[in-house]
1. What number, in percent, do you get for the relative contact order of region 50-99 if the mean sequence gap of Cα pairs under 8 Å and at least 6 apart is divided by its residue count?
2. Rounded, prolate or oblate: pick one for region 134-283, where a ≥ b ≥ c are the square roots of the eigenvalues of its C-alpha gyration tensor, a/c under 1.5 means rounded, and failing that, prolate if a/b is larger than b/c, else oblate.
3. When a footprinting reagent is the concern and you count Cβ atoms within 10 Å, what order do His68, His324, His237 take, fewest first?
4. Which Rg and Dmax, in Å, describe the Cα atoms of region 1-158?
5. Provide, as a two-decimal number, the C-alpha radius of gyration of region 44-113 over 2.2 N^0.38 Å, N being how many residues it has.
6. Given the options Val47, Trp83, Ala100, identify the residue whose Cα lies farthest towards the positive end of the charge dipole of region 40-184 (+1 on Cβ of Lys, Arg; -1 on Cβ of Asp, Glu).
7. Between Leu36 and Met1, how high is the FRET efficiency from 1/(1 + (r/R0)^6) when r is the Cβ-Cβ distance and R₀ = 22 Å? Nearest 0.05.
8. Could you work out the relative contact order of the chain? I mean the mean sequence separation of Cα pairs under 8 Å and 6+ apart, divided by the number of residues, in percent.
Amino acid sequence: MNSKQRVHAALRREPTDRVPIFMWFHPETTVLLARLFEVPPGCVADVLGNDVRMAWVNNNYAMEGIVHEHDGQRHVDFWGIEWVKQGPYNQIARFPLARAGREKLLAYRFPYQHLEELLGQMEPVVARADEGFIGCDVSPNVFEMYWRLRGMEQAMVDLGADEPLACEMLGRCGRFAVRLAEEACRRFPLDWLWTGDDVASQRSLMISAETWRRMVKPHLRACFEVGRRHGLPVAYHCCGALRPIIPDLIEMGLDVLNPIQCNCPGMEAAELKREFGGELTFMGGVDTQDLLPSATADEVRRATRELIDTMTADGGGYILAASHTVPPETPTENIFAMYAEAGVSREEAFDRAADVRAALTKA
């Protein structure tokens, strides 16, 4: 099977030659693996057999797609958000609407004039559409986008103190994501539409489920509906303890839930599979807090095998991924142990790395 066939079969809960993989690595982990394989960092995912290829076209591009070399380097994105490199990641240094009054908030305009530049991030991905399973990431969709503009504290105040204003601004966030989704689905040969909106912490939802249903859900639903209209599976990313709203996401038409942070309340992978496995495909669940960085290679193999067996008990419905980015303190032996249980051997990875080096030499 190629990657496209493998992921589509898993989504249909049909047998596959091996479990599909979509692993995310911490930037420092990517650099370490690139050195090990002697390939450019951008080739690490291919060397290790990732089956899904995606690009960010919404504000996550500004956060993760613009890479600075040195700490303290900054950029201001199309939304007016200022980012600064702190450690391996860009962090928000200035929220453009943090001190805005009601009039200024309502005068704010989303960067529709930059749609072509944003959607252009898909071009390298689409160039490989024949061999890979292709997705377009239009996150953050609603709440997370609003607090990036407003700041978390002030966004929370708005939700409680001026609900009509908050609803209008959340709607504008959602409508921008919908526009990106519509354009992406129309232009590109996508295999799924990827959405995302972090609304949960390690312990609970950041806002009540009732508030989420009233103020966020309608706008997120509109984005899901774009994918459904185009006949595409819809994937959704939310870190943390989002168990109370999973039935809502299913009712909205969700197909794939990520990342299954198994150490959070209500997010134990086997229980989620038992309760929702007939309606959802799950992606994630490999513990990055304790298992990968701290366990032995044998323990990683056993835990990965148990996870795969549990999550594919109905024949599929699972994509192997970590519960967060694989941290740089993870021993390489543990990474190889995890991949071995997924059907990708160390030897296969090094053979792919040799092929990449040969191709780069010819080029």
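Each value in this text was obtained by applying a stated rule to the coordinates, not by laboratory testing. Source: prediction; values computed, not measured. When we count neighbours, we look across all protein chains shown, and the Cβ atoms used for this are built from the backbone with ideal geometry, even at glycine.
1. Numbers: 55 pairs, mean separation 12.7, N = 50.
It rounds to 25 percent for region 50-99.
2. Values: a/c = 1.95, a/b = 1.08, b/c = 1.80.
Because a/c hits 1.5 or more and a/b fails to exceed b/c, region 134-283 counts as oblate.
3. Values: His68 15, His324 18, His237 21.
The most exposed by this proxy come first: His68, His324, His237.
4. Computed over the Cα atoms of region 1-158, radius of gyration and Dmax are 18.7, 57 Å.
5. Working: Rg = 15.6 Å, N = 70, 2.2 N^0.38 = 11.1 Å.
Here the Cα radius of gyration is 1.41 times the empirical estimate.
6. Result: Ala100, furthest along the dipole toward the positive end.
7. Numbers: r = 27 Å, r/R0 = 1.22.
According to the calculation, E is roughly 0.25.
8. Working: 647 pairs, mean separation 74.7, N = 363.
Relative CO of the chain lands at 21 percent.
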